[in-house]
1. Looking only at residues that are within 26 Å of T43 (Cβ to Cβ) and small (G, A, S) in the range 88-103, which one is most open to solvent (accessible area, probe 1.4 Å)?
2. Loosely packed, with under 15 Cβ neighbours inside 10 Å and either within 28 Å of K45 (Cα to Cα) or at pLDDT 85 or above (or both), is that true of S106?
3. Being open to solvent by 40 Å² or more (accessible area, probe 1.4 Å), more than 13 Å from F138 (Cβ to Cβ) and of a type in the set (A, V, I, L, M) narrows it down to one of A59, A85, A66, so name that one.
4. For the range 40-159, give me every one of the helices (runs of 4 or more DSSP H) that falls completely inside it and has 3 or more residues that are out of contact with any Ser or Thr (no Cβ under 6 Å at 6 or more places or on another chain), more than 19 Å from S25 (Cβ to Cβ) and in contact (Cβ under 8 Å) with a residue 12 or more places away in the chain.
Amino acid sequence: MKKISIIAIAMIWSVSTMAQDNAISKYFAKHVSDTAFTKVTVTSKMFSLFTEIEGEDEAEKEVLEALSKLKGIKVLINEEPKDPATLYSNAVTTISKDKGYEELMSVEDGDENVKFMIRDKGSIINELLMIVGGKEEFLIMSLFGEIDLKQIAKLSRIMKMKGMDHLKVLDGGDDE
């Protein structure tokens, strides 16, 4: 399991380019030159490398299967925004205008707002979008490919990447 965690962490911090013509790509493009944001893009090539690894137990096999179906991840993070509430509101408004996205769920409390949106074709989810706006940070993450929400929630428990912990709510947040 350690080797998958190490590979997953390396994968997340690999930066490359991938074209994706939708609201999230336009939002990323808007902030590409803003040095206040950390931008991470992981391509399908990185995920295809996971098909060459054999899982040692059932949990590893599930994680590898989930990873092999992903085509990419884009993350935009601002850990010290001047106005995180406005960033959150603008992102939600901008992305909601794209008719291809549907709200899956939202979580709001006094400290942080989290919104999950999806794009799907029939019963297959091909993009999961997460927008997080708090008092002190802003994060937007797009996972695209063939997405199984339960497997992504399990993956979020293994990958210790900022923001991934929010994905555990997709299967109720139960620990396994």
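The values are calculated or read from the model by the stated rules, or taken from the named source; none is laboratory data. Everything numeric in this text was worked out from a predicted model, so none of it was measured. In this analysis, Cβ positions are derived from the backbone assuming ideal geometry, glycine residues included, and neighbour counts consider all displayed protein chains. We work out accessible area using only protein heavy atoms, side chains counted, and drop any ligands, DNA or RNA first. Shrake-Rupley method; radii C 1.70, N 1.55, O 1.52, S 1.80 Å.
1. That would be G100.
2. Yes: the conditions hold for S106.
3. Only one candidate qualifies: A59.
4. 58-68, 84-96, 149-158
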